[in-house]
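Working notes, structure below.
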Amino acid sequence: MNTEHDSQWQVVCSRSDLVPEAGVAVWTQAGPVAIFYLPDTPEQIFAIEHYDPVGGASVLARGIVGDVQGEPVVASPLYKQHFSLRSGQCLEDERVSVSCFEVRLDKGQVQLRAHGRKKASRAA
Amino acid sequence: MKKQHLIVIGNGMVGHHFLEQFTGSDAAANYHITVFGEERLCAYDRVHLSEYFDGSSHEDLAMASTEWYGEQGIELMLDEAVTRIDRERQQVITSQGAYPYDALVLATGSYPFVPPIDGNDQPHCLVYRTLDDLDAIRKSAEGVKRGVVVGGGLLGLEAANALKSLGLEAHVVEFAPRLMPVQLDDEGGQLLREKIEELGVRVHTEKATSEIIPGEQHRLRMNFTDEDHLETDLIVFSAGIRPQDALARDAGLEVGDRGGVVVDNQCTTSDPRVFAIGECALWNNQIFGLVAPGYTMAKTLAAHLNGDGEAAFTGADMSTKLKLLGVDVGSIGDAHAQSAGARTLRYLDESAGTYQKLVISEDRKYALGAILVGDNAKYDTLLQYMLNGIELPENPQSLILPDSGDAPTLGADALPETATICSCHNVSKGDICCTIDSGATDLGTVKTETKAASGCGGCAGLLKNVVEFELESRGVEVNKDICEHFPYTRQELYHLVQVEKIRTFRELLDRHGTGRGCDICKPAVASILASFWNEHIHEPDHVPLQDTNDTFMANMQKNGTYSVVPRVPGGEITPEKLRVLGEVAEKYGLYTKITGGQRIDLFGATLNQLPLVWQELIEAGFETGHAYAKSLRTVKSCVGSTWCRYGVQDSVGMSIFLENRYKGLRAPHKLKMGVSGCTRECAEAQAKDIGVIATENGWNLYVCGNGGMRPRHADLFATDLDDQTLVKYIDRLLMFYVRTADRLQRTSVWLENLEGGLAYLQNVVINDSLGIGEELEAQMAHVVETYQCEWRTALSDQDKLKRFREFVNDEREDPVQTWTEERGQKRPADMTAEEKLIAVSG
């Protein structure tokens, strides 16, 4: 990890705010972001947009987390579409995706790279 | 070419079926069709006539609408009786005029036989055949207590059921020594009698009525030839049918000695221009009083008129399977073992209340007939053995003995292509295979295309087996797994949790599943775990399993905010509490609406607001209403005997008691109940999963009804129960449902899929046939004892409250929500799909 970029990491909450196998929402400079804590995955934590573009409301952090064929996903609590936690891609509709963010755990703090926002690519 | 005139006299089930068949054929274009119906209403389902008193209307029972006739170009003349057929001039004469015909179809049906008893023609002596008859019965039953049906056959028992639905004390008077003498033997008849008497119908056999005179306590008095007598307020004659052949007789057509218009294999009468089908037709000296043979005649005649030289009616199987007053009765083929050399095998279980008799050939190779009472589960299999001449297994008794593990049930594979699956619409296994081969891949499509199981519905179970077997044998996987993470059904998961005493999702997944679970299996397992251990849904192990509604104990609305529904047991609420609801709603800007379940819904609370709203509600004495959960919602009630002039029991008291008892019970789907204080049924209890209706003597229990998308009338389960027995039955039934239903399966669908149906359920709950009654009650007692108001618990635990934050790092509300105002209240602003997509892109 390049130290120059470290300065752009923003602390959004602490590990104790997270709920294992579920999501919480945080407010960031980029707007509402959903953070999911899956302790037994290599990434451990994932961050995607909190806003569900299909339902039109900020709810994704409140969906049920699971996997579809091994891909970690969250199911929107509104209309149950699945969004990949790794890519933000909606599995039911290839034209729909949400942004995902770089996120990491550091000394009990959850850090998000605020302007490291990237639009999901389907290949991800 | 000038169109020919086809006239059909009679607009009953068979006449209508003929039109359905004929209008679909090529020949239909050559005919101008006119139909005469004596009744005011167009063809309706007489097989399910008794449902008229359970709330079905003519529209529900109608075979088609008058619009359908219009679309087909058929002239439908209702309420216009034909008075004469002039065969010389080829004319049909009615009170309105004369109508010429080129071809004439008689589908006049039958009329009820009224035994020649002195006094049988006075008021309140009625028959049971048409909707007008039923209206007359209903009118006669107003304000009186007792009704008698003369005739203990199939129709008589149907009529008794109808009288019972009207709240009358129903009696059946039968001349023969047993009920249903044609279909049943002595033992079967005796068992049926016991079961029906348990349901409160009084049966009098070997009684011949000599006269009907005015009564003392009731309107009428029936004197019997044995000097006995019975008083009653009305009498319904249902002692058999006679073919309606008067028009044919007057027109000089050949009729049988005991009635019926004589027809040949093409349903042609002695006049080649006149045809007869259904109950008015006499074929091979036989009258067919069932709908299936009538349909076959209708189909044959339609094909014949369409130029099909092969079409022929060659007789029909008279086997019947039905539910009389909720009791299964089946009679197949040679039920009385009258064939030469026939042997019988019989099994009678007095404790379970079932009787099974199999009639086999002398060489023990073939089934000739059967009688079933109390349980029709084996009917389909036995019928197929009989109809198709399939060789019996070495121990034919295994076919009627209770499942001993090695009972060779006749699988779909063993049936020949010619086997009739649906006799109402004459659909064979071969027809089903054809439909599948031409692209149908599920049961629904097969049903739509073949019409199988859409007549009496008796073959639904067999049809499902055949379709699933045929799909599987063509490599189409019929997968019943709950999801990709568990190769089990919900019921199997339930058993795994029970047997292995599993307490967390993780444990179940590690032992029996793969992956990390999903939004299908997690809530299902959470519900199963809750029904065993009833731990708070906010325990760390359970939190990630819940739908958002369960997690936040409120109902998510389309803009991500929630609605709040406090419990108002039985819909009874004090003015102070009503005021609190208003004040809380005003303070937090919540939209308010009265729900269908007699409570008040507060909409638009954000996550941040939920604990604040609930703090105030709980302080005012409210508790959670579980509107968010797959559990008991409300027990709707009418005001009952405490206020109402008509109420006979305290329905509000009972509904509050039931609501408090079952609140919090987690189930495969939501549960609704209703309690009505009298038979007027203002609480609509028969549209609920559990419906309770007050009677003079206690409570009638109805089960497995449903409103909503697929309405279903609840079935009468037990009558005149005292409070204690009522609760015992509901305890057992609900816990049995929780244990055995599939994920998201309402009680209505559960019952429809339960093998053995209502009778089986009654056996399990009332007779404790599985020996699990006490266990079910104990399990319910545990749930009742461990009830906690989840909101009260959550508010006293700071850790649990942490989740109720829009953002864990910020106190602001979601900035995306936009509101508008309508009729003085706030509601979410409408957004187009495009607006949704760009809402946060800025």
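The values are calculated or read from the model by the stated rules, or taken from the named source; none is laboratory data. Computed from a predicted model, the values in this text were never measured in an experiment. Heads up, the Cβs are rebuilt from the backbone with ideal geometry, glycines too, and the neighbour counts pull from every protein chain shown. Surface areas here come from the heavy atoms of the whole protein model, side chains and all, with no ligands, DNA or RNA. Shrake-Rupley method; radii C 1.70, N 1.55, O 1.52, S 1.80 Å.
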### Task
Tell me, yes or no, whether the stretch B:745-768 has at least one residue that is in contact with a strand residue (DSSP E or B) (Cβ under 6 Å, 6 or more places away or on another chain), part of a strand (DSSP E or B), over 24 Å from residue B:530 (Cα atoms) and modelled with pLDDT of 90 or more.
no
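Part of a strand (DSSP E or B) and either at pLDDT 90 or above or out of contact with any Ser or Thr (no Cβ under 6 Å at 6 or more places or on another chain) (or both): which single residue out of B:368, B:382 fits that description? Before the answer, list the steps.
Numbers: B:382 fails: part of a strand (DSSP E or B).
After applying the criteria, what remains is B:368.
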### Task
May I ask you to verify whether residue B:579 is within 30 Å of residue B:494 (Cβ to Cβ), in the same structural domain as residue B:805 (by TED's automatic domain parsing) and of a type in the set (D, E, K, R)?
no
### Task
Please verify whether the stretch B:531-546 includes one or more residues that are within 11 Å of chain A (Cβ to nearest Cβ) and on the phi > 0 side of the Ramachandran plot.
no
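Here's the yes/no breakdown for (1) open to solvent by less than 40 Å² (accessible area, probe 1.4 Å); (2) more than 24 Å from residue B:246 (Cα to Cα); (3) assigned to a loop (DSSP other than H, G, I, E, B):
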| residue | (1), (2), (3) |
| --- | --- |
| B:282 | yes, no, no |
| B:288 | yes, no, yes |
| B:293 | yes, no, no |
| B:297 | yes, no, no |
| B:301 | yes, no, no |
| B:309 | no, yes, yes |
| B:313 | yes, no, yes |
| B:318 | no, yes, yes |
| B:323 | no, yes, no |
### Task
Could you check how many residues of the stretch A:59-89 are over 15 Å from residue A:41 (Cβ atoms), crowded, with 20+ Cβ neighbours inside 10 Å, within 12 Å of chain B (Cβ to nearest Cβ) and not aromatic (Phe, Trp, Tyr)?
12
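Consider the stretch B:96-113. How many of its residues are within 41 Å of the chain's Cα centre (by Cα) and either open to solvent by 30 Å² or more (accessible area, probe 1.4 Å) or over 15 Å from residue B:33 (Cα atoms) (or both)?
Step one: of the stretch B:96-113, the residues within 41 Å of the chain's Cα centre (by Cα) are B:103-113.
Now drop any that are not either open to solvent by 30 Å² or more (accessible area, probe 1.4 Å) or over 15 Å from residue B:33 (Cα atoms) (or both), which leaves B:108-113.
Adding up the residues that qualify gives 6.
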### Task
Six or more apart or on different chains, Cβ under 6 Å: which pairs go from a residue in the stretch B:144-170 that's in contact (Cβ under 8 Å) with a residue 60 or more places away in the chain to one that's in a helix (DSSP H, G or I) and acidic (Asp, Glu)? Could you list them?
B:165/B:54
### Query
Taking the stretch A:43-53 only, how many residues are more than 7 Å from every other protein chain (Cβ to nearest Cβ) and assigned to a loop (DSSP other than H, G, I, E, B)?
3
## Note on the structure
Out of (1) open to solvent by less than 30 Å² (accessible area, probe 1.4 Å); (2) modelled with pLDDT under 80; (3) in a helix (DSSP H, G or I), the one residue B:413 does not meet is (1)
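Just to be sure before I move on: is residue B:628 crowded, with 23+ Cβ neighbours inside 10 Å and assigned to a loop (DSSP other than H, G, I, E, B) in the structure I sent?
Working: crowded, with 23+ Cβ neighbours inside 10 Å: yes; assigned to a loop (DSSP other than H, G, I, E, B): yes.
Criteria met by residue B:628.
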### Task
Could you please find all residues in the stretch B:266-300 being among the hydrophobic types (A, V, I, L, M, F, W, C) and out of contact with any strand residue (DSSP E or B) (no Cβ under 8 Å at 6 or more places or on another chain)?
B:291, B:292, B:298
#### Entry: the stretch B:348-389, residues that are closer than 21 Å to residue B:179 by Cβ and aromatic (Phe, Trp, Tyr)
B:355, B:379
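Being of a type outside the set (Ser, Thr, Tyr) and within 31 Å of the chain's Cα centre (by Cα) is the filter here; which residues of the stretch B:225-269 pass it?
Across the stretch B:225-269, the qualifying residues are B:233, B:234, B:235, B:236, B:237, B:239, B:240, B:241, B:242, B:243.
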### Query
residue B:148 fails exactly one of the following numbered conditions: (1) crowded, with 23+ Cβ neighbours inside 10 Å; (2) assigned to a helix (DSSP H, G or I); (3) among the hydrophobic types (A, V, I, L, M, F, W, C); (4) out of contact with any Gly (no Cβ under 8 Å at 6 or more places or on another chain). What is the number of that condition?
(2)
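Looking at the structure I just gave you, is residue B:786 surrounded by fewer than 18 Cβ atoms within 10 Å (Cβ to Cβ), within 24 Å of residue B:623 (Cβ to Cβ), at pLDDT below 90 and among the β-branched types (Val, Ile, Thr)? Full working, then the answer.
Numbers: surrounded by fewer than 18 Cβ atoms within 10 Å (Cβ to Cβ): yes; within 24 Å of residue B:623 (Cβ to Cβ): yes; at pLDDT below 90: yes; among the β-branched types (Val, Ile, Thr): yes.
Criteria met by residue B:786.
Among the candidates B:50, B:56, single out the residue that is closer than 30 Å to residue B:154 by Cβ and outside any loop (DSSP other than H, G, I, E, B). Spell out how you get there, then give the answer.
Details: B:56 fails: outside any loop (DSSP other than H, G, I, E, B).
Selected residue: B:50, the only one of B:50, B:56 that is closer than 30 Å to residue B:154 by Cβ and outside any loop (DSSP other than H, G, I, E, B).
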### Message
Which count do you get for residues in the stretch B:719-731 that are assigned to a strand (DSSP E or B) and in contact (Cβ under 8 Å) with a residue 60 or more places away in the chain?
### Response
2
### Query
Scanning for something open to solvent by 20 Å² or more (accessible area, probe 1.4 Å), modelled with pLDDT of 85 or more, within 26 Å of residue B:665 (Cβ to Cβ) and in contact with a strand residue (DSSP E or B) (Cβ under 9 Å, 6 or more places away or on another chain), does the stretch B:523-542 turn up at least one residue?
yes
### Query
Which condition number in (1) of a type in the set (A, V, I, L, M); (2) within 11 Å of another protein chain (Cβ to nearest Cβ); (3) more than 24 Å from residue B:547 (Cβ to Cβ) is the one that residue B:831 fails?
(3)
